[in-house]
Amino acid sequence: MNQVIIPIKSERKPRGTIKGRTPDPKALAEVRALLGDAPRRRDLLIEHLHKIQDRYRMLSAAHLTALAAEMKMALAEVYEVATFYHHFDVVKEGDAAPAAITVRVCESLSCEMAGAKALLAKLPAILGSDVRVLAVPCVGRCESAPVAVVGQNPLPHATTGGVMKLVAAKAVKHKPGRYVTYAEYRKPGGYAILQQCLAGKRDYQQLTKVMEDSGLRGLGGAGFPAGRKWKIVRAEPEPRLMAVNIDEGEPGTFKDRYYLERDPHRFLEGMLIAAWTAGIAEVYVYLRDEYAGCRAILEKEIAALKADPPCALPPIHLRRGAGAYICGEESAMIESIEGKRGMPRLRPPYVAQVGLFGRPTLEHNMETLYWVREILEQGAAWFAGHGRHERKGLRSFSVSGRVNKPGVHLAPAGITVNELIAEYCGGMLDGHAFYAYLPGGASGGILPASMGDIPLDFDTLQPYGCFIGSAAVMILSDQDRATDAARNLVHFFSEESCGQCTPCRVGTAKALALLDQPKWNQALLAELSQVMMDASICGLGQAAPNPLLSVMKYFAHELA
């Protein structure tokens, strides 16, 4: 007897719809109104999440479902992105909405040294239940520690009274200060070099050679020669893209913000010159969400540039981060620009070959591009002519901690920390003696004052288990302890690990638990550190042990 197979009819949904929850009509209408005519592309997911968060102070289940339907994405995809980033408040069904005003108090090292813990202890009781108080990682204003951010409005040298005043006034928006506008920048010759490039008066070989001769290296921390990077990317097939990294989340680093708040077009012109030299089709600028004032400046000035362009411009896209330190890593930043969780990619291939949207990508730190115009005007010898102790170039040092004049100090490459404190920072604070320093932010290790004559530059600190990174120099005094600093920094890395790889995800948490013990198990910490350095996918896990390894090597007296 032959078996008859009867096909089962399935009630398939029409193409173009996503299986899952049916969106609430009211929420769908609200999302559509917010998005307006904006494209519903996958890479704009984070931008669209920001629109909802900004309008409603949270991401409700109803709005996430509506957004998923509107973008024809699975709800799980939208949810996993929304919950990855610190600045998105995802509220589940039945849960209470967040308070009307959020006060974020930075708990990173410079702010902790300046009294952030006391501020965090006092504010909840003073402000009451209508205000949410959060301890957050570095907000990029270490020179004015401690810092609180009311809504999006940063409060330098924060006090309880100052926070109360801003909250009472509902002063939650940050207004940019005085800066060089597009019209002002154009008057003394701004964008003239870019015009010369497009007019055929300069060629890309000449520009690349000047940059190579100047010795300018990537100032985001990696230190790769800028001119060589342009040459490598230009050799890749078209179309080529560019991604500018302004996600300076490294505790102690604030130089990019400093320059953007004062002279944004110097950066923008450098960016466009680099794009022309490398044959770039489109440019994406990724800015950390903590820099609301810089975002307002860039939005206004890029619009002014496009409205009255000095010459033909490539498309320029400004993308907004959402609170994730890991997105300072170039491939994690690219993932975020594509609208995904900011998780680092395995390499090779490198982003110069397969980067943004799978295309060859020129990735640069903002400050690297800031120097392009001046180097081309003054010549390679001008930039290379600066330096001390057999080093070449200039460095923008973000200095914070126990000095009289914290801030961004432009100094010769190779200057020592003793020279930096004495000549640029006005010496140590009264009553404080120089005890230790971090030459490269949270990742760069900790050295004692007795080693304060090492030149600060690329490649000079590696023999001591440290590195300069983005030149974030944090100064400790005899009123601080290196063990406390290491604990603060490892706590930061534990909170900011993206969780993708086990050595970093588990290792940072385990290291922090070991540092919280009355007596450090140094043998176990050393073994754990080696595993993290050997097996972590990206620089976060690889560099996270540096603070504790430095303490065990140079501050053994604190562990006795």
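To keep it simple, each residue is scored yes or no on (1) open to solvent by less than 10 Å² (accessible area, probe 1.4 Å); (2) modelled with pLDDT under 95; (3) touching a His at 6+ places or on another chain (Cβ under 9 Å).
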site: His389; (1), (2), (3): no, no, no
site: Phe397; (1), (2), (3): yes, no, yes
site: Gly414; (1), (2), (3): yes, no, yes
site: Ala422; (1), (2), (3): no, no, no
site: Gly426; (1), (2), (3): no, no, no
site: Ala433; (1), (2), (3): no, no, no
site: Leu438; (1), (2), (3): yes, no, no
site: Pro448; (1), (2), (3): no, no, no
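For every residue, the table says whether it meets (1) in contact (Cβ under 8 Å) with a residue 60 or more places away in the chain; (2) of a type in the set (Gly, Ala, Ser); (3) in contact with a Pro (Cβ under 8 Å, 6 or more places away or on another chain).
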{"site": "Gly223", "(1), (2), (3)": "yes, yes, no"}
{"site": "Trp230", "(1), (2), (3)": "yes, no, no"}
{"site": "Pro237", "(1), (2), (3)": "yes, no, yes"}
{"site": "Ile246", "(1), (2), (3)": "yes, no, no"}
{"site": "Phe254", "(1), (2), (3)": "yes, no, no"}
{"site": "Arg257", "(1), (2), (3)": "yes, no, no"}
{"site": "Glu261", "(1), (2), (3)": "yes, no, yes"}
{"site": "His265", "(1), (2), (3)": "yes, no, no"}
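Please report, ordered by residue number, the helices (runs of 4 or more DSSP H) entirely within region 342-456 with at least 2 residues that are over 30 Å from Leu548 (Cβ atoms) and among the polar types (S, T, N, Q).
Values: elements: 366-370, 372-378, 380-384, 417-423.
The helices (runs of 4 or more DSSP H) meeting that bar number zero.
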Checking Arg505 against (1) out of contact with any Leu (no Cβ under 9 Å at 6 or more places or on another chain); (2) within 27 Å of Glu248 (Cβ to Cβ); (3) assigned to a loop (DSSP other than H, G, I, E, B); (4) of a type outside the set (Val, Ile, Thr), which single condition isn't satisfied?
(3)
Taking first residues from region 44-72 that are over 13 Å from Thr83 (Cα atoms) and second residues anywhere that are aromatic (Phe, Trp, Tyr), the pairs with Cβ under 6 Å that are 6 or more apart or on different chains are none
Anything in region 150-178 that is open to solvent by less than 70 Å² (accessible area, probe 1.4 Å), over 17 Å from Leu127 (Cα atoms) and touching a Pro at 6+ places or on another chain (Cβ under 8 Å)? List them, or say none.
His174
Given (1) among the hydrophobic types (A, V, I, L, M, F, W, C); (2) under 24 Å from Tyr185 (Cα atoms); (3) out of contact with any His (no Cβ under 9 Å at 6 or more places or on another chain), where does Ala296 come up short, assuming only one miss?
(3)
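Residue by residue, here is whether (1) of a type in the set (Lys, Arg); (2) farther than 19 Å from His50 by Cβ; (3) touching a helix residue (DSSP H, G or I) at 6+ places or on another chain (Cβ under 9 Å) holds:
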{"residue": "Met271", "(1), (2), (3)": "no, yes, yes"}
{"residue": "Glu290", "(1), (2), (3)": "no, no, yes"}
{"residue": "Arg295", "(1), (2), (3)": "yes, no, no"}
{"residue": "Cys311", "(1), (2), (3)": "no, yes, yes"}
{"residue": "His317", "(1), (2), (3)": "no, no, yes"}
{"residue": "Arg320", "(1), (2), (3)": "yes, no, yes"}
The lone exception for Ile334 - which of (1) touching a Gly at 6+ places or on another chain (Cβ under 9 Å); (2) in a helix (DSSP H, G or I); (3) more than 19 Å from Glu248 (Cα to Cα) it fails:
(3)
Just name the residue that is nearest to Ser336 (Cα to Cα) out of those in region 29-41 that are open to solvent by less than 50 Å² (accessible area, probe 1.4 Å) and in contact (Cβ under 8 Å) with a residue 24 or more places away in the chain.
Leu35
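Taking the condition within 23 Å of the chain's Cα centre (by Cα), small (Gly, Ala, Ser) and either closer than 26 Å to Val403 by Cβ or outside any helix (DSSP H, G or I) (or both), does Ala486 pass? Quick ask: steps written out before the conclusion?
Details: within 23 Å of the chain's Cα centre (by Cα): yes; small (Gly, Ala, Ser): yes; either closer than 26 Å to Val403 by Cβ or outside any helix (DSSP H, G or I) (or both): yes.
In short, yes.
So which of Ala509, Ala556, Ala544, Ala535 is surrounded by fewer than 18 Cβ atoms within 10 Å (Cβ to Cβ) and in contact with a Gly (Cβ under 9 Å, 6 or more places away or on another chain)? Talk me through it step by step, then tell me what you get.
Numbers: Ala509 fails: in contact with a Gly (Cβ under 9 Å, 6 or more places away or on another chain); Ala556 fails: in contact with a Gly (Cβ under 9 Å, 6 or more places away or on another chain); Ala544 fails: surrounded by fewer than 18 Cβ atoms within 10 Å (Cβ to Cβ).
None of the other options fit; the residue is Ala535.
Which of the residues that make up region 470-491 are more than 13 Å from Leu548 (Cα to Cα) and either among the basic types (Lys, Arg) or open to solvent by 10 Å² or more (accessible area, probe 1.4 Å) (or both)? Spell out the reasoning first.
Of the residues in region 470-491, the ones more than 13 Å from Leu548 (Cα to Cα) are 470-480.
Ser470, Asp478, Gln479, Asp480 - these are the residues of region 470-491 that are more than 13 Å from Leu548 (Cα to Cα) and either among the basic types (Lys, Arg) or open to solvent by 10 Å² or more (accessible area, probe 1.4 Å) (or both).
Let's see how each residue does on (1) closer than 22 Å to Gly539 by Cα; (2) touching a strand residue (DSSP E or B) at 6+ places or on another chain (Cβ under 8 Å):
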{"site": "Ile193", "(1), (2)": "no, no"}
{"site": "Lys201", "(1), (2)": "no, no"}
{"site": "Val210", "(1), (2)": "no, no"}
{"site": "Gly215", "(1), (2)": "no, yes"}
{"site": "Arg240", "(1), (2)": "no, yes"}
{"site": "Val244", "(1), (2)": "yes, yes"}
{"site": "Pro264", "(1), (2)": "no, no"}
{"site": "Ala275", "(1), (2)": "no, yes"}
Exactly one of Ala145, Ala171, Ala99 is more than 30 Å from Thr22 (Cβ to Cβ), touching a residue at least 12 places away in the same chain (Cβ under 8 Å), in contact with a helix residue (DSSP H, G or I) (Cβ under 6 Å, 6 or more places away or on another chain) and of a type in the set (A, V, I, L, M, F, W, C), and that one is Ala145
Per the list (1) free of Cβ contacts under 8 Å to residues at least 12 places away in the same chain; (2) in contact with a strand residue (DSSP E or B) (Cβ under 7 Å, 6 or more places away or on another chain), residue check on Tyr435 breaks on (1)
Which of the numbered conditions does Ala332 fail, given that it passes all the others? Conditions: (1) touching a strand residue (DSSP E or B) at 6+ places or on another chain (Cβ under 7 Å); (2) within 15 Å of Gly220 (Cβ to Cβ).
(1)
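Every residue in region 42-61 that is open to solvent by 40 Å² or more (accessible area, probe 1.4 Å) and either in a helix (DSSP H, G or I) or out of contact with any Ser or Thr (no Cβ under 9 Å at 6 or more places or on another chain) (or both), please.
Within region 42-61, Arg42, Glu47, Lys51, Asp54, Arg55, Tyr56, Met58 qualify.
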Subset of region 197-219 (residues that are over 28 Å from the mean Cα position of the chain (by Cα), surrounded by 15 or more Cβ atoms within 10 Å (Cβ to Cβ) and not hydrophobic (A, V, I, L, M, F, W, C))
Arg202, Tyr204, Asp213
Name the residue that is surrounded by the fewest Cβ atoms within 10 Å (Cβ to Cβ), counting only residues in region 220-237 that are touching a His at 6+ places or on another chain (Cβ under 8 Å) and more than 12 Å from Thr361 (Cβ to Cβ).
Gly220
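The values are calculated or read from the model by the stated rules, or taken from the named source; none is laboratory data. All values derive from a computational prediction rather than experimental measurement. When we count neighbours, we look across all protein chains shown, and the Cβ atoms used for this are built from the backbone with ideal geometry, even at glycine. For accessibility, only protein heavy atoms count, side chains too; no ligands or nucleic acids. Shrake-Rupley method; radii C 1.70, N 1.55, O 1.52, S 1.80 Å.
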